[in-house]
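The values are calculated or read from the model by the stated rules, or taken from the named source; none is laboratory data. Model, not experiment: these values are computed from the prediction. No Cβ is skipped: glycine too gets one built from the backbone with ideal geometry, and neighbour counts run over all protein chains shown.
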Amino acid sequence: MDTTDTLRVRLEPWAEGDFWLLRRTNSAEMTEHLGGPETEEQLVARHRRYLAPGAGRMYRVSLAETGETVGSIGFWERTWRDTTVWETGWGVLPEFQGRGLAARAAREIVEVARGSGTHRYLHAFPDVANRASNTVCRKAGFELLGPVAVEYPKGHWITSNDWRVDLARP
């Protein structure tokens, strides 16, 4: 049975026990468009940031029916063109890719960001060469504003697409 159109996801707030997921998503394959894998020290620091209270939030993405973890997604504040906006990013484990789960999680994160009532816009900045993430943005209802230069990680400039959702619109 093809379950591609029926799989639902659940966003679970990032927890202490989710460090294993950072390790799983830190492969060369998963970080190809993000400047490559991070060191163990960088992963520990990232995990601590994910756990710390503050603006935005990180989530573990799981299948609603089984609870099986499929990836992560979150949103955080960023200054973009002299305005504070939300930015989002995600990763789906290789064995779950190609099933529309990232787009489902992205639609969920739009609603979470909208519900915060904090910023008008949510942006995503996938590398222009990252076909999968650009497709996620389109399927999740983001508007393509065009290519931009983005520094990520620090000291590494890439050409990304600027995708945006207006959170003031339902």
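Annotations for the structure displayed:
- For region 117-142, a residue qualifies if it is surrounded by 13 or more Cβ atoms within 10 Å (Cβ to Cβ) and farther than 25 Å from F96 by Cβ, and the qualifying residues are T118, H119, R120, Y121.
- Scanning region 62-91 for residues being touching a Leu at 6+ places or on another chain (Cβ under 9 Å) and of a type in the set (S, T, N, Q) gives a total of 4.
- Qualifying positions in region 68-96 - surrounded by fewer than 16 Cβ atoms within 10 Å (Cβ to Cβ), in contact (Cβ under 8 Å) with a residue 12 or more places away in the chain and not in a strand (DSSP E or B): P94
- Qualifying residue in region 134-148 (condition: farther than 24 Å from L7 by Cα and at pLDDT below 95): no
- Of all residues in region 56-67, those satisfying the criterion of being under 16 Å from W14 (Cβ atoms) and part of a strand (DSSP E or B) are R57, M58, Y59, R60, V61, S62.
- Candidates are the residues of region 85-143 that are touching a strand residue (DSSP E or B) at 6+ places or on another chain (Cβ under 7 Å) and among the basic types (K, R); the one that is nearest to T25 (Cα to Cα) is R104.
- Among the conditions (1) part of a loop (DSSP other than H, G, I, E, B); (2) surrounded by fewer than 19 Cβ atoms within 10 Å (Cβ to Cβ), the only one that A149 does not satisfy is (1).
- Candidates P53, P37: the one that is over 12 Å from the mean Cα position of the chain (by Cα), loosely packed, with under 15 Cβ neighbours inside 10 Å, without any contact (Cβ under 8 Å) to a residue 60 or more places away in the chain and not in a helix (DSSP H, G or I) is P53.
- Residue match in region 109-128 (condition: touching a helix residue (DSSP H, G or I) at 6+ places or on another chain (Cβ under 7 Å) and in a loop (DSSP other than H, G, I, E, B)): yes
- Contact annotation: residue pairs with Cβ atoms under 9 Å, 6 or more positions apart or on different chains, pairing a residue in region 105-123 that is under 12 Å from W86 (Cα atoms) with a partner that is among the acidic types (D, E), are T118/E77; H119/E77; R120/D166; Y121/D166; L122/E87; L122/D166; H123/E87; H123/D162.
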